[in-house]
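Let me begin by presenting the structure, written as structure tokens, before commenting on it.
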Amino acid sequence: MPPVIEIKGLTKVYVQDFIGTEHGRIKIRLKDRKRIALENLDLNVEEGEIFGLLGPNGAGKTTTIKILMGLHFQSSGSARIMGRELGDNSVKSKIGFLPENPFFYDYLTGSEFLRFYGQLYGVDSATLKRRIPELLEKVGISHAGDIPLRGYSKGMLQRIGLAQSLLNDPKLVILDEPQSGLDPFGRKEVRDLILQLKEEGKTVMFSSHILGDAEMICDRVAILHKGRKIADGPMSDLLSTRIDEYEVAMTGPSDALLADVRKTARRIVERRSEFLAVFDEETAANAVARRLLDGDGKLLSFTPRRESLEGYFIREIGDKRAQEERSPGA
Amino acid sequence: MSKIVAIAFNTFKEAVRNRVLYVLLFFAIIVLLGAWVVSSLAIFGADKIVRDFGVASINIISVLIAVFVGVGLVYNDLDKKTIYTIISKPISRWQFLVGKFLGLLLTIVVNILFMTFFFLAVLYFRDYTSEESMTSAIMTAADGTYRNPSGAETLMYYVGSIFKSLANSILNVVSLGFYSSEVTAGVMRASMLTMLEMTVVTAFAVLFSSFSSPTLSAFMTIIVFLVGRANEDLYYFADLIQRKAGGVEALQGGQALTYWFSLAASHVSPNLAVFDQREAISQFMPVEISAYSAAYALVYAGCVLAIATIVFNRRNFK
């Protein structure tokens, strides 16, 4: 079985304009106009796996994905999807794609939007009529099908973006930072959705700059840094086992327990009847989980989370410049 | 094909939900009503002024729609990155451009029909309410004896005229001018020529907005329109310079520059004078839509879109 995505020696060099802006000021560049976004990347994604493309901001993740989707053209090297050249319409019809921070036509309602994109995929209207409500349900916004997208929150846009990437029942799903801008519950739901896609036999490739998002679900990852691949393989081989924080999700905790959680947890997020508490100390997290299991409420999940990718870089590479690249909010 | 149609209808929806379009249409209504006001100031030839004014207004407002609604359409998709999710679908870049073009053209055609309808309504209403026709109508109603109409009679007459004008203009637009007199049919045909002209202008708007910012695209599209309108004049101008100097070889310095520039501009720009029938309209001559002008519009627009596709195919979407 050939790999679903096969990337060989992929390189992308951007040539900046003579006149451009930098930090809001006009800047004229006469030399050093070349910027290497991706250097000699080799990568294979096998059928049926969840593949994580990881790296801090500016590592070349989005560039790789844009080239794969035919939005950018590589400077050299080659890439094939399902054995075909990039940009081949017969291949594109088997791919679902969600870009980073997607923006859609905000004058369309959720259902109108999905119908339009379905037409672009060439899905017939009978199938669309059936699939659109299903997909809205799947991503958890079935109540918002008749609302124009300009009334959507960021999380809802991300969800409808996921829905549009599944319209054609794709074999390969490529998601660029699918969890960015989502709250902890949203992140968990995206994780669950990706796992569900794998169960349905689809191949998933997604990018992230947060290791925690990737480590629980990825079969394999590649780590990019400044346009170069610095590691790939199963995640557990690549990272230390150092755990930074513990996430406990619960529902219906007793008032006494909730008061204690508020005291010991670093932060706590509430949504509807669910609570998500983040602990620094394993013992505190374990104590809460134990009380929940003893009937003081209901334990939904217990997640130890590893250090962020930035932390990994700072520690492993010891590159001071990596610190400067640390993204805000990561 | 169905994908192009999907993009075209979505573009139409986008344009229809764009505020700029309504500002322009409101402006069009004011200007077309203004034609009536201007004509009442004329001592003679009021009919000529109204028709001239109306046909020219429809033409110019169509250009403004093509420019100000059109140039933003492709650019917005690039700027807001909606293009990412469209180009990643099984659709080619040329299909996207052609869809955008057709959607914009549909918007303009619908707007030209609306403006023509409104203008014809103004024309008919003006005929119905002219002093003679009012007096004669009231006289017939009053058994041939003359008397001043009462306020209520005048009001009823006006209301009736409004309905008659609307009905007439609807029939005229729907029948594409075949229903009515030669003069009003001429207005209808002039509008159809404007649609053909807009086919060319819209193609340019799409071409420019596929590689530059909306402001620059708007500017360049307007330049193309103006130079295109002056196309034949530029050619004759170049010819005149050359003949005055006694041959191309005798041209010197600035003269030579003017000659070559005018000649090049007249060859490169579209000859939009083909679609200009305002003279015929104002002279009450029949307006003709020739197969040549239709073919010219389609072939020219096709070529411009082909160039746009070549440019667009090489782009990295940032």
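The values are calculated or read from the model by the stated rules, or taken from the named source; none is laboratory data. Quick caveat, the model's predicted, so the values are computed rather than measured. Virtual Cβ from ideal backbone geometry, glycine too; neighbours counted across all protein chains shown.
If you go through segment A:94-113 and keep only what is more than 7 Å from every other protein chain (Cβ to nearest Cβ) and either part of a helix (DSSP H, G or I) or farther than 23 Å from A:Leu172 by Cβ (or both), you end up with A:Asp106, A:Leu108, A:Thr109, A:Gly110, A:Ser111, A:Glu112, A:Phe113. Is there a residue being over 16 Å from A:Ser93 (Cα atoms), crowded, with 16+ Cβ neighbours inside 10 Å, within 13 Å of chain B (Cβ to nearest Cβ) and in contact (Cβ under 8 Å) with a residue 12 or more places away in the chain anywhere in segment A:163-175? No, every residue in segment A:163-175 fails to be over 16 Å from A:Ser93 (Cα atoms), crowded, with 16+ Cβ neighbours inside 10 Å, within 13 Å of chain B (Cβ to nearest Cβ) and in contact (Cβ under 8 Å) with a residue 12 or more places away in the chain.
Of the residues B:Ser57, B:Ser39, B:Ser62, the single one that is of a type in the set (Gly, Ala, Ser), away from chain A (no Cβ under 14 Å) and either buried (at least 23 other Cβ atoms within 10 Å of the Cβ) or farther than 20 Å from B:Val122 by Cβ (or both) is B:Ser62. Test B:Ile86 against the stated conditions and say whether it is within 10 Å of chain A (Cβ to nearest Cβ) and in a helix (DSSP H, G or I). Judged against the criteria, B:Ile86 is a match. Where strands (runs of 3 or more DSSP E) fall entirely within segment A:155-257, none has at least 3 residues that are more than 17 Å from A:Leu53 (Cα to Cα), at pLDDT 85 or above and assigned by TED's automatic domain parsing to the domain that holds A:Val91.
Within the set B:Ile91, B:Ile83, B:Ile49, the sole residue that is within 17 Å of B:Asn313 (Cα to Cα), of a type outside the set (S, T, N, Q) and either surrounded by fewer than 21 Cβ atoms within 10 Å (Cβ to Cβ) or touching a Phe, Trp or Tyr at 6+ places or on another chain (Cβ under 6 Å) (or both) turns out to be B:Ile83.
Counting only helices (runs of 4 or more DSSP H) that fall entirely inside segment B:173-285 and contain at least 1 residues that are under 16 Å from the mean Cα position of the chain (by Cα), the qualifying elements are B:182-209, B:214-229, B:278-282.
A:Ile95 falls short on exactly one of the conditions (1) over 22 Å from A:Lys61 (Cβ atoms); (2) modelled with pLDDT of 90 or more; (3) β-branched (Val, Ile, Thr), and that condition is (1).
When the residues of segment A:58-87 are filtered to those that are farther than 16 Å from A:Asp42 by Cβ and away from chain B (no Cβ under 14 Å), which remaining residue is modelled with the highest pLDDT? Filtering first and then ranking leaves A:Gly83.
Based on what the data block shows, is B:Leu73 hydrophobic (A, V, I, L, M, F, W, C) and within 12 Å of chain A (Cβ to nearest Cβ)? Yes, satisfied. Test B:Gly254 against the stated conditions and say whether it is on the phi > 0 side of the Ramachandran plot and not hydrophobic (A, V, I, L, M, F, W, C). Criteria not met by B:Gly254. For segment A:125-133, the criterion of being touching a helix residue (DSSP H, G or I) at 6+ places or on another chain (Cβ under 8 Å), within 23 Å of B:Phe9 (Cβ to Cβ) and part of a loop (DSSP other than H, G, I, E, B) is satisfied by no residue at all. Could you tell me how many of the residues in segment B:1-33 are away from chain A (no Cβ under 12 Å) and among the β-branched types (Val, Ile, Thr)? Result for segment B:1-33: 5. Has segment B:75-98 got at least one residue that is within 16 Å of the chain's Cα centre (by Cα) and at pLDDT 85 or above? Checked segment B:75-98: no residue is within 16 Å of the chain's Cα centre (by Cα) and at pLDDT 85 or above. Give me the residue from segment A:114-152 that is among the hydroxyl-bearing types (Ser, Thr, Tyr) and within 11 Å of another protein chain (Cβ to nearest Cβ) and, out of that set, surrounded by the fewest Cβ atoms within 10 Å (Cβ to Cβ). Top of the filtered list is A:Ser125.
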